[in-house]
Amino acid sequence: MIEQSERSTETPIFDRPLQIVRPTFPLVEGMLWDFTQSLAAGQVTNNGPWVVKFERLLEDFLGVPTLVFSSGQVALMTMLRAAGITGGEVIVPSLTFAATPHAAVWNGAEPVFADIKDDMSFTIDPTDVEARLTDKTVAILSVDPYGIACDYEALVAIGRRNGLRVLFDSAPSFGTTVGGHRIGGFGDAQIFSFHATKAFNTMEGGCLCSNDKNLLERARAIRNFGQSPDGDCAIAGLNGKMMEICAIIGIQQLTSFETAAITRRRCAKRIGDGLAYIDGVSAARPPAGQEPIWLYLPVVIDPVLFGCNRDQAADLLARQNLHVRKYYNPPCHRVSVYAAMRPQPSLPVTERITHNVIALPIYNDMSDDECAGIIEAFRRTQASVR
């Protein structure tokens, strides 16, 4: 039946390709004066006035002390080093972008992969985390996949019982709320990415949040080559400073972000509700009490009930001009740099999900027609294989 679909000349649902991301940026006119002043002053980097202002606005928005960085990855690497991670084992999920375990490796630690919950939240399983602790474990580095917050309370409790650092790679989750409050101040520290693919973006950038004053001051030094104000270097640092133009964009982005967040949540709900009536398609179910920002909307395909497997479904959806992402796939323990680890971890839920998951686009400016089109694309795809 898939062969019949391949010969179909049916007009695609979308006139133009609906890509997996569609970044939104402020109007140039609203930033031009600030950018001109930055160029005229010659201070386009090195923690200039717009970076300082942006950090202050982020602290007010998130309710936690914050440092901005040149990228989310640099913020992540810095977070581990500032937390004192220079070796040992760090528990991480395998269902994440490879940047998460990479940060542990770059800090001299060994990533130990844990499984995720079998509840369609896609988040790390605290019970499995605890089962993988050894006398070499120094930290738990958890993730908020797709913008869905993991179980902060359970993970922090495990860390406190065992004397471990508890850190959160919340790269895709800026704007997610738990218990009605924006995340950012959980665990020992938490980072966000402001990459162009994210709901809140500054083209490139990121930030580190922490209520631990000493950790934050170490991070501040690391961000600037490890230098203290007197020029001495007590720690080997790097160049993680955000450029002024990125801060200027971020300042403008904050003014409209709540509107974008409302749009993303509304669209994720509408698409998820519509797909619930299609056999073999299961959308993510975030834990009660939280509102994810939805980097993407992950759905899992049941090949038997839907009529074809995930890879075939992705190809057929593309013919409707709906371009999805097989994300996160492969899981991190299967990528080449970690696949040689012995013994390979047993992660049955992660394996099943990554073989069947599709990430659907969610935009800051997504329309109701686009939501309806995504649902219809799945209906047509299923009809074509039955």
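In segment 203-226 there is at least one residue matching the filter, namely being open to solvent by less than 10 Å² (accessible area, probe 1.4 Å), assigned to a loop (DSSP other than H, G, I, E, B) and touching a Cys at 6+ places or on another chain (Cβ under 7 Å).
Here the helices (runs of 4 or more DSSP H) wholly within segment 306-358 that include at least 2 residues being among the β-branched types (Val, Ile, Thr) and either out of contact with any Cys (no Cβ under 9 Å at 6 or more places or on another chain) or open to solvent by 50 Å² or more (accessible area, probe 1.4 Å) (or both) are 348-356. Can you tell me which residue within segment 30-63, out of those that are β-branched (Val, Ile, Thr) and not in a helix (DSSP H, G or I), is farthest from Arg182 (Cα to Cα)? That would be Val44. Just one of (1) open to solvent by 30 Å² or more (accessible area, probe 1.4 Å); (2) small (Gly, Ala, Ser); (3) in contact with a strand residue (DSSP E or B) (Cβ under 6 Å, 6 or more places away or on another chain) fails for Gly179. It is (3).
Looking at this structure, is Ser173 touching a helix residue (DSSP H, G or I) at 6+ places or on another chain (Cβ under 8 Å) and modelled with pLDDT under 95? Lay out the reasoning, then the answer.
Details: touching a helix residue (DSSP H, G or I) at 6+ places or on another chain (Cβ under 8 Å): yes; modelled with pLDDT under 95: no.
Judged against the criteria, Ser173 is not a match.
Would you mind telling me which numbered condition in (1) closer than 29 Å to Gly180 by Cα; (2) over 19 Å from the mean Cα position of the chain (by Cα); (3) of a type in the set (A, V, I, L, M); (4) in a loop (DSSP other than H, G, I, E, B) Ile293 fails? So Ile293 meets the others, but not (2). Here Glu130 clears all of (1) surrounded by fewer than 17 Cβ atoms within 10 Å (Cβ to Cβ); (2) out of contact with any strand residue (DSSP E or B) (no Cβ under 8 Å at 6 or more places or on another chain) except the condition numbered (1). Just one residue in the set Tyr363, Tyr338 is touching a residue at least 60 places away in the same chain (Cβ under 8 Å), in contact with a Lys or Arg (Cβ under 6 Å, 6 or more places away or on another chain) and not acidic (Asp, Glu); that residue is Tyr363. In the set Ser70, Ser8, Ser38, only one residue is in contact with a strand residue (DSSP E or B) (Cβ under 9 Å, 6 or more places away or on another chain), among the small types (Gly, Ala, Ser) and either surrounded by 12 or more Cβ atoms within 10 Å (Cβ to Cβ) or modelled with pLDDT under 95 (or both); that residue is Ser70. I'd like the residue in segment 250-288 that is aliphatic (A, V, I, L, M) and in a helix (DSSP H, G or I) and, out of all such residues, is most open to solvent (accessible area, probe 1.4 Å). Out of the qualifying residues, it is Ile262. Residues that are in contact with a Ser or Thr (Cβ under 7 Å, 6 or more places away or on another chain) and either under 28 Å from Ser94 (Cβ atoms) or open to solvent by 40 Å² or more (accessible area, probe 1.4 Å) (or both) within segment 359-380 comprise just one, Asp365.
Considering the conditions (1) closer than 30 Å to Asn309 by Cβ; (2) under 21 Å from the mean Cα position of the chain (by Cα); (3) of a type in the set (Asp, Glu), Asp279 is excluded by exactly one of them, (2). For Ser142, the conditions (1) closer than 27 Å to Glu204 by Cα; (2) open to solvent by 10 Å² or more (accessible area, probe 1.4 Å) all hold with the exception of (2).
With among the aromatic types (Phe, Trp, Tyr), part of a loop (DSSP other than H, G, I, E, B) and crowded, with 20+ Cβ neighbours inside 10 Å as the only criterion, which of Phe174, Phe113, Phe192, Phe168 stands out? If you could, list the steps in order and put the result at the bottom.
Values: Phe113 fails: part of a loop (DSSP other than H, G, I, E, B); Phe192 fails: part of a loop (DSSP other than H, G, I, E, B); Phe168 fails: part of a loop (DSSP other than H, G, I, E, B).
So the residue among Phe174, Phe113, Phe192, Phe168 that is among the aromatic types (Phe, Trp, Tyr), part of a loop (DSSP other than H, G, I, E, B) and crowded, with 20+ Cβ neighbours inside 10 Å is Phe174.
Inside segment 174-193, residues that are hydroxyl-bearing (Ser, Thr, Tyr) and over 16 Å from Phe69 (Cβ atoms) make up a count of 2.
The values are calculated or read from the model by the stated rules, or taken from the named source; none is laboratory data. Nothing here was measured: the structure is a model prediction, and the numbers come from that model. With ideal geometry, Cβ positions are generated from the backbone for all residues, glycine too; neighbour counts draw on all protein chains shown. Surface areas here come from the heavy atoms of the whole protein model, side chains and all, with no ligands, DNA or RNA. Shrake-Rupley method; radii C 1.70, N 1.55, O 1.52, S 1.80 Å.
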